[in-house]
Amino acid sequence: MANDDQTQSPTLENLHTETRSFPPSDEFAAQANATAELYAQAATDGPEFWAEQARRLHWEKPFTEVLDWSDAPVARWFADGTLNACDNAVDRHVREGRGDRVAFHFEGEPGDTRTLTYADMQREVSKAANGLESLGLTKGDRVAIYLPQIPEAVIAMLACARIGAIHSVVFGGFSAESLRQRIDDAEAKLVITADGGNRRGAHLALKPLVDAAIAAGDHHPEPSATVEKVLVVKRTGQDTHWVEGRDTWWHDVVEPASEIHVPVMVEAEHPLFILYTSGTTGTPKGLFHTTGGYLTGVSYTHRVVFDLKPETDVFWCSADVGWITGHSYIVYGPMINGATQVLYEGTPNTPHQGRWWEIIEKYKVSIFYTAPTAIRTFMKWGEAIPAKFDLTSLRVLGSVGEPINPEAWMWYRRVIGGDRCPLVDTWWQTETGSIMISPLPGVTATKPGSAQVALPGVSAAVVDDHGDEVGPGHGGYLALTEPWPSMLRGIWNDRPRYERTYWSRWPHLYFAGDGAKRDADGDIWLLGRVDDVMNISGHRLSTTELEHALVSHPWVAEAAVVGASDETTGQAVVAFVVVRSDAAGADASGHDVSVALREQVAKEIGPLAKPRTILVVSEVPKTRSGKIMRRLLRDVAEHRPVGDVTTLADSSVMDAIREGLDSGK
Ligand code: WT7
């Protein structure tokens, strides 16, 4: 996609002044899993370095090939080996005497708890795998998972992997419409869902959204052609509409099934999952990852970046399993490493604003991984809240999802980490599968706001428009220059889009879509997206997708969406809409329009995409070739003087927008 403008990140201003640096303590460095030698080793060994990491997995048939890049940009890693993801994440630990170790301390939002050891997990995933097979599922079939953050979500994913089925998890905050789009694209045969989940003290229904997704609807006149069964976990006990013959309860299918199941061994390049993510156009991309390389990447990075000591640590990643962070750092990475984890269903402020810190105290969490948007929310709530809890069990902190501003970084380190825990800012994407750029906690002197260095084995560069590397002190685009095992293998059923999106800007370089800068030391600072992708609370949303959702409302003639910087959520959705003159029912104040359109977005995409601000304008600024000038709208949304308007087809448009806003519209 051509871009008419570039995102400016709010962190940019800080970069010129940030000079603080925090080296690891001697005690931490002395016990760390990764030392500085790992960089040298990776540089010397090349792809063989990754083979060494891959050999930590359990292979049924060991691989002899490492990397096959002959079909670039689709990589094949360890291709002649066979293994099973669930066997590595669960059975192996039981086999090797770790069955009694707790895999999950589950904490439901209402306060219900469940403890699952690795041996318990083996029984649960085996029953679920038998259940799935009894429903007719087999290797290669696609399964959509639309569940709250409960153990069954993890069990369902692993049960799919166990039988070689490919899961496609859809985050519960997506609408029926978004779910349908993903079901259709992946041609899912089964949907696994729940009656509902607990959210802010209420029961949030999920099953009706699945019913709506599968049935005929506004954008799809026919019911789903592929879904045969719906498997429903009883979580809240709320009343649930039932379609006889299609719907079955989890407790009827899974509970009575046998606790013995032999994992289906698959080739290393067998797809493990599809995960949809927003791109620069209207349709989400079904990114897919395969088994051997992905598992190698997530387990290696989880071990070295978080310094996991599986016998003693308690790891908590606060992400939802519906996002890549949950896939890689709740399900696959930590479980392959035999970690003990916390899994929490609810929101940080239910029933009180100290819930997360209470959980850390209760389970003695030692490694905590969360997002900057959460940190900024806690800063707003005040440090007196975490101060009420004992957080001394913590020893490593991680951040992910968006650039972390130095103020939030410093607060996180001081208030949560007691000035004692190394803080790693980890840059990666759904596409990369695992962390690519991050300090190593026992090696790197960390800098507030910088992800700093590519991990051993990863090759990153900051390049200019021509793909040439920029020098220290310069900015450009982030690129990855060598294939890595956990890289995406493509966009489901759309190789041309895969090549166009990531590999067409420069030959042989992976285009990440992020702006970046090298400081004088050569450290990398991420500056936010350079395409039409927004990052709202660490969630990726497409401006184009939102504009489509808005113009599908009968009142809207035209819409332009920008991600404007927001103190808490990083970016927030601001929509400029032109209302039809015949929009019956819309009042002049724009209030009705705003309410109706927020609902429209919730219905089309999901509540997570609702615009923060909707501004009714008389026209949207466009270039002479008809492209929306989002840069100018972002200036307006962020209350800056509007920049260069010379490429506008009609430069009076911006004056009209500003006048409209000043007059209190
Ligand atoms: C985009 C990927 C990968 C986990 C969650 C998001 C932004 C992610 C950082 C970071 C600056 C970051 C980038 C990236 N991002 N982590 N530490 N510093 N930016 O996954 O939805 O695939 O989004 O999130 O813009 O491209 P995702």
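The values are calculated or read from the model by the stated rules, or taken from the named source; none is laboratory data. Computed from a predicted structure; not experimentally measured. Cβ atoms come from the backbone with ideal geometry, glycine included; neighbour counts cover every protein chain shown. Areas reflect the complete protein model, heavy atoms only, side chains present, ligands, DNA and RNA absent. Shrake-Rupley method; radii C 1.70, N 1.55, O 1.52, S 1.80 Å.
All of (1) surrounded by fewer than 23 Cβ atoms within 10 Å (Cβ to Cβ); (2) in a loop (DSSP other than H, G, I, E, B); (3) more than 16 Å from the ligand (Cβ to nearest atom) hold for THR280 with one exception: (3).
Can you list the helices (runs of 4 or more DSSP H) lying wholly within segment 358-442 that have 3 or more residues being within 16 Å of the ligand (Cβ to nearest atom)? Walk me through it before giving the result.
Numbers: elements: 372-381, 384-387, 406-411.
Answer list for segment 358-442: 372-381, 406-411.
Taking the criterion of being open to solvent by less than 10 Å² (accessible area, probe 1.4 Å) and in a loop (DSSP other than H, G, I, E, B), would at least one residue in segment 452-471 satisfy it? Yes.
Okay, residues lined up against (1) among the aliphatic types (A, V, I, L, M); (2) assigned to a strand (DSSP E or B); (3) within 21 Å of HIS639 (Cβ to Cβ):
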position: ALA572; (1), (2), (3): yes, yes, yes
position: ALA575; (1), (2), (3): yes, yes, yes
position: VAL578; (1), (2), (3): yes, yes, no
position: SER581; (1), (2), (3): no, no, no
position: VAL593; (1), (2), (3): yes, no, no
position: ALA596; (1), (2), (3): yes, no, no
position: ALA602; (1), (2), (3): yes, no, no
position: PRO611; (1), (2), (3): no, no, yes
position: SER625; (1), (2), (3): no, no, no
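What number of residues within segment 446-472 are more than 15 Å from the ligand (Cβ to nearest atom), closer than 20 Å to THR301 by Cβ and in contact (Cβ under 8 Å) with a residue 40 or more places away in the chain? Walk me through how you get there before you give the answer.
Step one: list which residues in segment 446-472 are more than 15 Å from the ligand (Cβ to nearest atom), which gives 456-457, 459, 461, 463-472.
Applying the additional criterion that residues be closer than 20 Å to THR301 by Cβ yields 456-457, 459, 461.
If we keep only those that are in contact (Cβ under 8 Å) with a residue 40 or more places away in the chain as well, we get 456-457, 461.
Final tally of qualifying residues: 3.
Do the conditions hold for SER299, that is, is it of a type outside the set (Phe, Trp, Tyr), within 28 Å of ALA32 (Cβ to Cβ) and crowded, with 24+ Cβ neighbours inside 10 Å? When the stated conditions are applied, SER299 passes them.
Exactly one residue among VAL102, VAL90, VAL125 is touching a Lys or Arg at 6+ places or on another chain (Cβ under 8 Å), among the β-branched types (Val, Ile, Thr) and modelled with pLDDT of 95 or more, and that residue is VAL125.
Each residue in segment 571-589 was checked for being at pLDDT below 90 and either within 24 Å of LEU179 (Cβ to Cβ) or open to solvent by less than 10 Å² (accessible area, probe 1.4 Å) (or both), and 0 pass.
Which residue is farthest from the ligand (Cβ to nearest atom), if the candidates are limited to segment 267-277 and must be assigned to a strand (DSSP E or B) and not β-branched (Val, Ile, Thr)? Only one residue tops the list, namely GLU267. Beta carbons closer than 6 Å, at least 6 apart along the sequence or on distinct chains, pair a first residue in segment 428-443 that is closer than 21 Å to PHE28 by Cβ with a second that is near the ligand (Cβ under 8 Å from one of its atoms) for ILE435/THR426; ILE435/TRP428; ILE437/TRP427; ILE437/ALA451; SER438/THR426; SER438/ALA451. For segment 474-510, the set of residues classified as farther than 17 Å from HIS289 by Cβ, among the small types (Gly, Ala, Ser) and open to solvent by less than 40 Å² (accessible area, probe 1.4 Å) consists of GLY476, ALA479, listed by residue number. Scanning segment 531-562 for residues that are touching a strand residue (DSSP E or B) at 6+ places or on another chain (Cβ under 6 Å), open to solvent by 30 Å² or more (accessible area, probe 1.4 Å) and within 16 Å of the ligand (Cβ to nearest atom) gives ASN535, ARG540.
Going by what's in this entry, would PRO271 be described as open to solvent by less than 20 Å² (accessible area, probe 1.4 Å) and of a type outside the set (D, E, K, R)? No, not satisfied. The single condition among (1) open to solvent by 60 Å² or more (accessible area, probe 1.4 Å); (2) farther than 30 Å from VAL400 by Cα that SER594 does not satisfy is (1). Scanning segment 490-504 finds one or more residues that are more than 11 Å from the ligand (Cβ to nearest atom), part of a loop (DSSP other than H, G, I, E, B) and under 18 Å from the mean Cα position of the chain (by Cα). Within segment 304-349, being open to solvent by less than 10 Å² (accessible area, probe 1.4 Å), in contact with a Gly (Cβ under 8 Å, 6 or more places away or on another chain) and in a helix (DSSP H, G or I) holds for VAL305, SER328. From the list ALA42, ALA34, the one residue that fits, being of a type in the set (A, V, I, L, M), farther than 30 Å from TYR344 by Cα and more than 25 Å from the chain's Cα centre (by Cα), is ALA42. Residue count for segment 512-522 satisfying the condition of being more than 13 Å from the ligand (Cβ to nearest atom), acidic (Asp, Glu) and out of contact with any helix residue (DSSP H, G or I) (no Cβ under 9 Å at 6 or more places or on another chain): 1.
Residues that are open to solvent by less than 10 Å² (accessible area, probe 1.4 Å) and modelled with pLDDT of 90 or more within segment 633-652 comprise just one, LEU633.
Of the residues that make up segment 2-20, is at least one modelled with pLDDT of 95 or more, within 28 Å of the chain's Cα centre (by Cα), farther than 23 Å from PHE306 by Cβ and not hydrophobic (A, V, I, L, M, F, W, C)? Reasoning before the result, please.
To start, the set of residues in segment 2-20 that are modelled with pLDDT of 95 or more comprises none.
No: segment 2-20 contains no residue that is modelled with pLDDT of 95 or more, within 28 Å of the chain's Cα centre (by Cα), farther than 23 Å from PHE306 by Cβ and not hydrophobic (A, V, I, L, M, F, W, C).
Applying a threshold of 6 Å to beta carbon distances and a minimum spacing of six or more residues, or different chains, the list of pairs starting in segment 616-640 at a residue that is touching a residue at least 60 places away in the same chain (Cβ under 8 Å) and ending at one that is charged (D, E, K, R) reads VAL620/GLU558; LYS627/ASP4; ILE628/LYS622; ARG630/ASP5; ARG631/ASP5. Tally time: how many residues in segment 368-419 are under 19 Å from the mean Cα position of the chain (by Cα) and open to solvent by less than 10 Å² (accessible area, probe 1.4 Å)? Within segment 368-419, residues that are under 19 Å from the mean Cα position of the chain (by Cα) and open to solvent by less than 10 Å² (accessible area, probe 1.4 Å) number 9.
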